[in-house]
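Accompanying notes for the structure given below.
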Amino acid sequence: MATTDFIAAIELSSSKISGIAGKKNSDGSIQVLAYAREDASSFIHKGVIYNIDKTAQALTSITNKLENQLNNSIAKVYVGIGGQSLRTVKNAVSRTLDEEGIISQELVDSICDENLEVPLADMSVLDVAPQEYKIDNTLQADPVGVAGQHITGQFLNIVARASLKKNLEHSFEQAKVEIADLLIAPIALANAVLTENEMRSGCALVDFGADTTTISVYKNNILRYLSVLPLGGNTITRDITSLQMEEQDAEKLKLQYGNALYEEEEESETPAVCALEDGRAIELATLNNIIGARSEEILANVWNQLQLSGYEDKLFSGVVFTGGGANLKNIEEAFRKQSKIEKVKTMRFVHDTVHGFSDVLTKDGMQNTLLGLLAAGNENCCLQEVKSAQPAGNPASTPADMFGNDEALKEQEAAARAAKAQREKEEKERREKERKEREKKEKEKKKKGPSWFEKTFNKISNEIFSDDDMK
């Protein structure tokens, strides 16, 4: 049976492109109806699309897979945008009134418009996270209706390289997939894994991805800072390949034996080892020295970003880890040592209850952003059939499906073409008839010769402008 009411979303990450379709139940849970994914490591790097053709092919494949599972067509999808160049930039716009008065909506709109005009070299504003407005010396979340003479709008512009959005839109356009809305992926993720209390009291969300690590800081339910580091789980994997192995084998070792705070047992007489498929044995201490060093670097950069945000001492709900990289053993404890922040936890799944596809939507943090995009959608993404209007006076009957009969469509198209050809033929004949009538009149005119007026006029002209007089 075809599904006619669903929300569809697509996430483009450095390791994969994932597509999902589902619906929201009345109890707040999410029912997943379709899921598909394609490897993206060869054409997306650090969240940035480098090959539009290959991306479009992957998008087409995912859309087809989702439609086959839904047994229906997808009209549009919600899309998450992220990537290395994504970050926030603060801006302030001030206005001073001639005298104290009531702040109007028009004034606030004017301030917001001026904020969007801020010049950014090779960057574009993707969204604006509204902060407080300062009216005289008081901060207000909603300034409309407040009395004051001086107002300053404080804005947090979410920006990225212009090519990031352009390449993404070109890929979807080439794949002939309409974008319902372009969502900021880290914001959709935060809404899916953080509680309202955590956002209000102060919390940092750290998403460990394949090629990037995204840091989002919230306070008083407002996004205060966002930054993306060009380091992720694949960075650690590539370091392990220095032990003379392929990335695929290095990834398996990291997942099975990786430890951010590895300590060898003192009582053991022989060092612990792990066996490779080619028969080699690698000491766990050697493996985890590599993993620990790179993990320490990534966590140090995360802590540095929290300090740059200015909220490192205001995070009363601490730090929340998520993403595939957060599965590394002892990563929470490693960050506690690095930052001295005690409240550190990992969210491996979204808050909403999710039904269906439990075999692929595992609780490892790798699908949290995709589920967040699905939860953020609010419009039906199913392709709706257009039905012809019922003529007045006709008895009510079951309307015909205008897409269900291909032969009927062909006949309609043939009739339309024939009618158009007939109109063009009649127009051509009319013009030809008018042309012949004009030619006939001109011939008759030449036969009669010039009129008395023309003869008189020509005679006078010849006398006045004779060649002798012009010399």
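The values are calculated or read from the model by the stated rules, or taken from the named source; none is laboratory data. Quick caveat: nothing in here was measured; it's all calculated off a predicted structure. Quick reminder, even Gly has a Cβ in these numbers, built from the backbone with ideal geometry, and neighbours come from all protein chains shown. Side chains are part of the model used for accessible areas, which takes the heavy atoms of the whole protein and leaves out ligands, DNA and RNA. Shrake-Rupley method; radii C 1.70, N 1.55, O 1.52, S 1.80 Å.
Select from the stretch 70-82 the residues that are farther than 18 Å from E11 by Cα and out of contact with any helix residue (DSSP H, G or I) (no Cβ under 9 Å at 6 or more places or on another chain) and list them in ascending order.
Across the stretch 70-82, the qualifying residues are L70, N71, N72.
Using the structure shown, decide if S42 is within 18 Å of the chain's Cα centre (by Cα), at pLDDT below 95 and of a type in the set (S, T, N, Q).
Taking the combined requirement at face value, the residue does not satisfy it.
Being among the aliphatic types (A, V, I, L, M) and in contact (Cβ under 8 Å) with a residue 40 or more places away in the chain is the filter; apply it to the stretch 36-57 and report the residue that is nearest to P230 (Cα to Cα).
For the stretch 36-57, the residue satisfying everything is V48.
When you scan the stretch 17-34, how many residues do you find that are in a strand (DSSP E or B) and either acidic (D, E) or open to solvent by less than 10 Å² (accessible area, probe 1.4 Å) (or both)?
The qualifying residues number 9.
Any chance you could count how many residues in the stretch 112-151 are within 26 Å of the chain's Cα centre (by Cα) and among the aliphatic types (A, V, I, L, M)?
The number of residues fulfilling the criteria is 9.
Filter the stretch 210-236 down to the residues that are assigned to a strand (DSSP E or B) and among the aliphatic types (A, V, I, L, M), then identify the one that is farthest from S15 (Cα to Cα).
Once the filter is applied, the top-ranked residue is I222.
Determine if the stretch 214-236 includes at least one residue that is over 24 Å from the mean Cα position of the chain (by Cα) and crowded, with 24+ Cβ neighbours inside 10 Å.
Yes, because at least one residue in the stretch 214-236 is over 24 Å from the mean Cα position of the chain (by Cα) and crowded, with 24+ Cβ neighbours inside 10 Å.
How do the strands (runs of 3 or more DSSP E) wholly within the stretch 271-361 filter down when requiring 2 or more residues that are open to solvent by 40 Å² or more (accessible area, probe 1.4 Å) and touching a Leu at 6+ places or on another chain (Cβ under 8 Å): which remain?
Result: empty, no element qualifies.
Please go through (1) crowded, with 17+ Cβ neighbours inside 10 Å; (2) touching a Gly at 6+ places or on another chain (Cβ under 9 Å); (3) closer than 30 Å to L373 by Cβ for Y262 and return the number of the only condition it doesn't satisfy.
Only one criterion in (1) crowded, with 17+ Cβ neighbours inside 10 Å; (2) touching a Gly at 6+ places or on another chain (Cβ under 9 Å); (3) closer than 30 Å to L373 by Cβ is unmet by Y262, namely (3).
Report, by residue number, each residue of the stretch 130-162 that is open to solvent by less than 50 Å² (accessible area, probe 1.4 Å) and under 30 Å from Y50 (Cβ atoms).
Correct list: L156, N157, I158, V159, A160, A162.
Out of everything in the stretch 179-203 that is surrounded by fewer than 18 Cβ atoms within 10 Å (Cβ to Cβ) and either at pLDDT below 95 or in contact with a helix residue (DSSP H, G or I) (Cβ under 7 Å, 6 or more places away or on another chain) (or both), what residue ends up being nearest to A121 (Cα to Cα)?
Per the stated criteria, the residue is I179.
Which residue out of I81, I102, I111 is open to solvent by less than 20 Å² (accessible area, probe 1.4 Å) and free of Cβ contacts under 8 Å to residues at least 60 places away in the same chain?
I111
Quick check on the stretch 427-444. Is at least one of its residues modelled with pLDDT of 60 or more, within 30 Å of A21 (Cβ to Cβ) and open to solvent by 90 Å² or more (accessible area, probe 1.4 Å)?
no
For the stretch 163-178, which positions are surrounded by fewer than 16 Cβ atoms within 10 Å (Cβ to Cβ) and aliphatic (A, V, I, L, M)?
If the condition is that a residue be surrounded by fewer than 16 Cβ atoms within 10 Å (Cβ to Cβ) and aliphatic (A, V, I, L, M), then no residue fits.
Return the pair list, or none, for Cβ contacts closer than 9 Å from residues in the stretch 359-370 that are within 17 Å of I17 (Cα to Cα) and of a type in the set (S, T, N, Q) to residues that are open to solvent by 20 Å² or more (accessible area, probe 1.4 Å) and not in a loop (DSSP other than H, G, I, E, B), at least 6 apart or on different chains.
Going by the 9 Å Cβ cut-off, the qualifying pairs are Q367/E11; Q367/Y35; N368/D207; T369/E11; T369/D207.
Only one of these conditions is not met by D5: (1) over 15 Å from A180 (Cβ atoms); (2) modelled with pLDDT under 95. Which number is it?
Only one criterion in (1) over 15 Å from A180 (Cβ atoms); (2) modelled with pLDDT under 95 is unmet by D5, namely (1).
Quick one: which residue in T60, T88 is open to solvent by less than 40 Å² (accessible area, probe 1.4 Å) and in contact (Cβ under 8 Å) with a residue 60 or more places away in the chain?
Residue meeting the stated conditions: T88.
If you check A121 against the conditions, is it under 30 Å from I52 (Cβ atoms), of a type in the set (A, V, I, L, M, F, W, C) and open to solvent by 60 Å² or more (accessible area, probe 1.4 Å)?
yes
For V206, work out the one condition from (1) at pLDDT 95 or above; (2) open to solvent by 50 Å² or more (accessible area, probe 1.4 Å) it doesn't fulfil.
Of (1) at pLDDT 95 or above; (2) open to solvent by 50 Å² or more (accessible area, probe 1.4 Å), only one is false for V206: (2).
For the condition part of a strand (DSSP E or B), over 30 Å from K134 (Cβ atoms) and not aliphatic (A, V, I, L, M), what is the one hit in D207, D239, D249?
D207
Restricting the search to the stretch 80-90, which residues are small (G, A, S) and in a loop (DSSP other than H, G, I, E, B)?
Matches in the stretch 80-90: G82, G83, S85.
Looking at V93, is it open to solvent by less than 20 Å² (accessible area, probe 1.4 Å), part of a strand (DSSP E or B) and touching a strand residue (DSSP E or B) at 6+ places or on another chain (Cβ under 8 Å)?
Yes.
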